[in-house]
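Values quoted throughout were computed directly from the atomic coordinates according to the rules given, and no laboratory measurement underlies them. Treat the numbers as computed from the prediction; the structure is a model and nothing was measured. FYI the Cβ positions are ideal-geometry reconstructions off the backbone, even for glycines, and counts take in every protein chain you see.
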Amino acid sequence: MSGAKNCPETPRQKMIAMMYLVLTAMLALNVSADILKGFRMVNIGLVTSIQSADERNKYLMASFEELNARYPEKIGEWLKKAKEVETKSNDLVAYIQNFKYEMIKMADGSSADKDAIEIKKQDDTNVSGIYGLTQGNAKILQKKIEDYREFIKNIYGGDNEAKNAEYDRIFSTKSVNKGIGETNVPWDRANFESMPLAAIVTMLSKYQTDVRLAQTEAIQYLKNQTDAGDFRVNEVLAEVIPESKTVVAGGQYKARIILAARDTNAKPQIFINGTQVTDPNGIYTAGVGNSIGTKEISGKIVLKDPVTGEPREYLIKSEYSVVAPSATIANEDMNVVYMGYANRLSISVPGFSSEKLSVSASNAKLESKGGGKYICRPSSYEGVTINVAANVDGKNVSMGSGKFRVRALPNPTAFLRFKDASGNIVLYNPTVNKNVKLTRQFLANAEMVAEYEDGLLQATFNVTGFTVSISDGRGGFSSSMSSGKNLTEAQKNNFLRIKSGTPVLFEKIKVTGAKNAELAFPRVDIP
């Protein structure tokens, strides 16, 4: 130690020591050519990956656009978000690309590769610090990466823990520990301070690759959301749904031809008119009873949403017609309607409810009573024609017509009406019911009425008067008049006191109502 003090270094020794220190520093800063070559190869591979991702993203967006052209209402919202992802990804990739070029240009000068692939001064450790740290561009890049990271996380709703952790790791800008004595180093210094240019460019290419992959994943996710709530099907059937299975001659057959898709594993709930349909194939069956006319059905199909599990409801509304069973059997010789009479007609067309029919008549007045029932009142003896049309697809289509002859009403039959010993009402006419046991008392309390004896025609007649002629036993008759349907008191007393076997005539029986007529009555012998 003391010798050293006594032997100071010569200028030559000082120069050698200084050169040693400089050489040591140069060796520490020198980067192996093989390492630089490795950085170049990695960078070229990353650039190739970026180009492949670009092509994939363009294809995804093209298919997205095609879907939007077909289903704009369904796709539009998601396509808008995908375009925002595309724009922000392109902006960040372009900024990083320019970042790389500016550093290479600072190192290589005017001969710098615009594609930022070929670097002459790969081992330059100054430009990254100057461009990134001194000029502050690294801080700008850091902010852009952080903004992009948060944007991508929000694409998945912002509360997707797995995606948040993934993108926090991939696009991390946290401080790092570089080694002993270098802890908590800010992101910009850790990546740009005294780093070889080749390494910085490769690192930036890696960020570009991450952006493109995040872009691909986000767009695919958004595309998947367009049918996330759609029901999956495992069977597609061709179905024919006719508007009606009954077609009128001269009309048209109409049917919807559709592809019906269904999931045979799904168990939808079907409710019609408040009742659940239990048939596994969804077949709805209901009795219609005897009620005729148009019937409505309404209800809903309930199926669980494939994503949320919440029930979705699809409303049902339709209608069908109930018609009475009918067959057309007509006796053409008996197609007759009567003048002055409310002729009752029943008109129907198989396959059509009465609400869809329109009925008209010539030479007659027609009055609808509902349910296919009509009253026909002829106005001419020339004949009546009934025309029937049905509403088919909004048009009145003729269903045919029927012709009727017009006849005057036949005269009714006169009856003596009284109550028998049992209190039953009896209609007595010697020609119609000869087996009725007649007594003087029955005869004295009888009233004269007029009706059709066969009951086929249901017309109302009023007796306004009649004449009673009683034989005098010498070949003559004593006559008296009644001004209504009842016998006068004198006529009743005569029936009670004359001898048995005395002939009695009921004559000039006048009736009004459906027809005005004068009727006769067979001779009656007093019992």
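Some notes on this structure:
- Alpha-carbon geometry of the chain: the Rg and the Dmax are 55.6, 203 Å, given in that order.
- Summing +1 for each Lys or Arg and -1 for each Asp or Glu among the other residues whose beta-carbon sits under 11 angstrom from that of Gln441 gives +2.
- The amide H of Ala364, built 1.01 Å from its N in the peptide plane, has Ser379 as neighbours under 5 Å, considering only residues 5 or more places off or on other chains.
- Percent of C-alpha pairs per 10 Å bin, segment 346-402, short to long: 24, 53, 21, 2
- Long hydrophobic helices in the chain: the complete DSSP H runs spanning 15 Å or more by Cα along their own axis with mean Kyte-Doolittle hydropathy of at least -1.0 are 11-29, 33-70, 72-108, 137-155, 197-225.
- Total formal charge among the other residues, if their Cβ is under 15 angstrom from that of Glu55, Lys/Arg +1 and Asp/Glu -1: +1
- A convex hull fitted around the alpha carbon atoms of segment 373-430 yields 174 Å³ per residue.
- Kirkwood Rh and Cα Rg combined as Rg/Rh, segment 386-524: 1.23
- Pairwise inverse Cα distances across segment 40-154, averaged and inverted, put the Kirkwood hydrodynamic radius at 16.6 Å.
- Cα-based shape type of segment 162-207, given that a ≥ b ≥ c are square roots of the gyration tensor eigenvalues and the cut on a/c is 1.5: oblate
- Local electrostatic count at Asp147 - Lys and Arg +1, Asp and Glu -1, tallied over other residues with Cβ under 12 Å: +2
- Segment 136-214: equivalent-ellipsoid semi-axes (sqrt of 5 x gyration tensor eigenvalues, Cα, Å): 24, 15, 11
- Computed per residue of the chain from DSSP H runs no shorter than four, each worth -39500 (n - 2.57), the mean residue ellipticity at 222 nm is -11500 deg cm²/dmol.
- The tail of the calculated P(r) for segment 93-169, taken as Cα-Cα distances beyond 22 Å, holds 41 percent of the pairs.
- Ranked list, fewest to most other Cβ atoms within 10 Å of each Cβ, for Lys295, Lys100: Lys295, Lys100
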